[in-house]
Amino acid sequence: MEDVKTNSMKPTSPLRYAVGMFGTSIPVNMFKTYAAIFYVDKLGLITTPQFSLILFLYTFLDAIDNPVYGFLSDRTRTKWGRRRPWLVIGAPLLVLGFVLFFNPPAFLAQGSAFSYVLLMYMFTGTLDSLINANYGALFPELFPTEASRAKTNAMRQVFQLIAMIISIALTPVITDAIGFATTAYIYGALAIVVIWFMSMGCHENPQAMEQPKPNLFRTILDIASNPKFWIYGITNAAYYGGLALVQSGVAFYTKYHLKVGGMGTTILLGVVILSAIVFIPVWVKIVKKLTLMKSWRLALACCGLGVLPLYFVKSLPLAAVCVVIFGFAMGGVSTTMDIVGARILDEDRIKNGIPREGTYSSLIGVLNKASGLVTSLAFLLVYRVYGFESGENPGAAPDAAARFLVVLFPVAVFVVCVVVSRFLKFRQDTEKAEG
């Protein structure tokens with residue numbers, strides 16, 4: 001069901017909102033993608049099991065902080081709006097943690113490094129949750145119709161993918177030239193400028209400020225009893241877990257399987273991201289042809305098909321050709337996933353009469369961040385099964401370990417995505433199918 005925008009709500013430029021995705025993505029993509037290769041392989045300050053433990057512990061912190069941030073955001077009442085204060089204050093704090101993470105003190109040794117990495121990972125990760133809870137909550141409020149959401153979401157996914165080109169694909173080349181520390185400073189400065197620019201141009205609905213403040217326990221109970229929340233959240237968690245493994249595992253894959261350096265990582269990730277950008281307009285047409293839900297499931301299925309050939313290819317050019325399929329799939333998920341989530345938020349608001357997008361988005365974020373359990377398990381298995389401990393002690397089969405990270409485990413995860421997504425249905429799709 002589509003809502004009618006109230007006259008009292010000043011329209012927000014889709015471009016102004018969408019560019020915010022660039023600011024929220026550029027530091028966190030580098031943070032999540034290169035944390036392992038930086039501390040485990042490059043510096044050798046922690047081991048693979050220790051990094052797996054950090055991911056495991058952070059998942060539980062994320063389960064607590066996400067709903068807290070979303071609930072506080074929903075209850076915020078200021079003349080600047082509900083979300084803007086959190087975004088303006090949270091951006092520099094996020095960048096502080098990000099910069100400190102990639103600037104470890106020189107006196108750190110293996111005994112003390114684990115505590116520092118754990119603390120900085122927790123701090124940076126929780127600020128990422130704060131930013132995304134508020135940025136995500138703005139989306140269904142600022143753009144109430146599915147047509148405006150489709151347009152805006154396509155734009156912001158392009159900005160996210162541009163950020164990924166820089167912070168994921170180009171980072172190995174950039175860090176080889178200027179180092180991780182300087183790179184973190186540059187990405188951090190970009191993030192603050194863009195997030196503040198976006199925040200100052202978003203015009204929240206003043207009527208939402210007049211609505212009753214949501215009750216925490218009632219909100220959590222309503223959301224937890226909604227099966228669509230669980231189906232969507234579990235599918236997202238599996239997808240982001242598989243995606244994180246592909247992103248972080250490519251550096252190991254190019255080094256130990258393809259036997260090429262950082263440029264190989266840049267090429268493969270660059271091809272994936274550029275392909276995703278190119279195929280977003282194609283997916284917009286696919287959605288119109290197949291309906292939203294069928295397109296979402298098709299994109300998830302293509303993710304597994306996209307990484308499977310990497311197990312067999314042995315050269316960088318062939319690998320680059322193969323990952324185009326994964327880029328196609330990634331573009332499809334980027335185009336559809338947030339619109340699926342917005343439908344769930346609409347149904348909740350219509351049913352309960354209280355705008356609580358922040359809490360809902362953050363609780364979905366909890367399940368999304370449960371992807372940390374997926375990546376944690378994968379890195380633990382790499383150690384247990386293949387003996388890969390660190391760059392200094394990669395075990396007897398680092399090639400097989402790398403392909404496990406990039407291919408075998410992600411394929412299994414994407415299969416789970418497709419199966420679980422089959423259980424999520426909306427009335428409008430049923431009506432279209434019957435018509």
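The table below lists the values:
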{"item": "Whole-percent carbon and sulfur share, accessible surface of the chain, 1.4 Å", "result": "69 percent"}
{"item": "Average accessible area per residue (Å²) across region 296-435 - probe 1.4 Å, nucleic acids and ligands excluded", "result": "40 Å²"}
{"item": "Degrees, to the nearest 10: 20-36 long Cα axis against longest axis of the chain", "result": "30 degrees"}
{"item": "Cα-based reach from Lys10 at 17 Å (exclusive), listing lysines while leaving out same-chain residues under 8 positions away", "result": "Lys79"}
{"item": "Spin-label proximity, Ile350 to region 265-290 - amide N less than 13 Å from point 7 Å beyond Cα toward beta carbon", "result": "none"}
{"item": "Residue-by-residue Karplus 3J(HN,Hα) for region 122-131, coefficients 6.51, -1.76, 1.60, Hz, glycine and proline x", "result": "5, 5, 5, x, 6, 5, 4, 4, 4, 5"}
{"item": "Net length gained if the chain between Ala106 and Val278 were fully extended (0.36 nm per residue, minus Cα distance)", "result": "57.6 nm"}
{"item": "Accessible area of region 109-215 divided out per residue, in Å², using a probe of 1.4 angstrom", "result": "37 Å²"}
{"item": "Selected from Gly44, Gly372, Gly332 as most flexible by GNM, with the chain as the system and alpha-carbon contacts under 10 Å", "result": "Gly44"}
{"item": "Helix axis angle, 48-75 relative to the chain longest principal axis, alpha carbon, degrees", "result": "10 degrees"}
{"item": "Between region 86-144 and region 203-253, the Cα center-to-center distance that results, in Å", "result": "18 Å"}
{"item": "Difference of contour (0.36 nm per residue) and Cα-Cα distance, Asn393 to Val419", "result": "5.6 nm"}
{"item": "Inter-probe distance in nm under a simple model that places probes 7 Å from Cα toward Cβ, at Leu290 and Leu119", "result": "4.9 nm"}
{"item": "Nearest-20 debye value, region 183-308 charge dipole, Cβ charges on Lys, Arg, Asp, Glu", "result": "480 debye"}
{"item": "Cα-centred dipole magnitude for the chain, charges only on beta-carbon of K, R (+1) and D, E (-1), debye, nearest 20", "result": "740 debye"}
{"item": "Distribution of pairwise C-alpha distances over region 158-289, 5 Å bins, in %", "result": "2, 8, 10, 13, 15, 15, 14, 11, 7, 4, 2, 0, 0"}
{"item": "FRET efficiency estimate (nearest 0.05) - Cβ-Cβ, Val260 to Ile178, R0 22 angstrom", "result": "0.55"}
{"item": "Against the rule of thumb 2.2 N^0.38 Å, how large the Cα Rg of region 215-264 comes out", "result": "1.94"}
{"item": "Region 302-376-region 162-187 distance, computed between alpha-carbon centres (Å)", "result": "24 Å"}
{"item": "CD proxy at 222 nm, helix term only [per DSSP H run n ≥ 4: -39500 (n - 2.57); per residue of the chain; nearest 500]", "result": "-26000 deg cm²/dmol"}
{"item": "Spacing of the two label points (7 Å from each Cα toward its C-beta) at Gln207 and Ile186, in nm", "result": "4.7 nm"}
{"item": "Dipole-positive endmost among Thr359, Leu57, Tyr311 within the chain (Cβ charges, Cα centre)", "result": "Thr359"}
{"item": "q = 0.07, 0.10 Å⁻¹, the chain: log10 I(q)/I(0) [Debye, one scatterer per Cα]", "result": "-0.32, -0.66"}
{"item": "Extended-chain gain in nm, criterion 0.36 nm per residue less alpha-carbon gap, Ile220 and Lys314", "result": "28.9 nm"}
{"item": "Global size of region 59-211 as Cα Rg and Dmax, reported in angstrom", "result": "17.6, 55"}
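The values are calculated or read from the model by the stated rules, or taken from the named source; none is laboratory data. Every value quoted in this text rests on a predicted model; they were computed, and no experiment measured them. Note that we place each Cβ from the backbone using ideal geometry, even for glycine, and neighbour counts take in every protein chain shown. We work out accessible area using only protein heavy atoms, side chains counted, and drop any ligands, DNA or RNA first. Shrake-Rupley method; radii C 1.70, N 1.55, O 1.52, S 1.80 Å.
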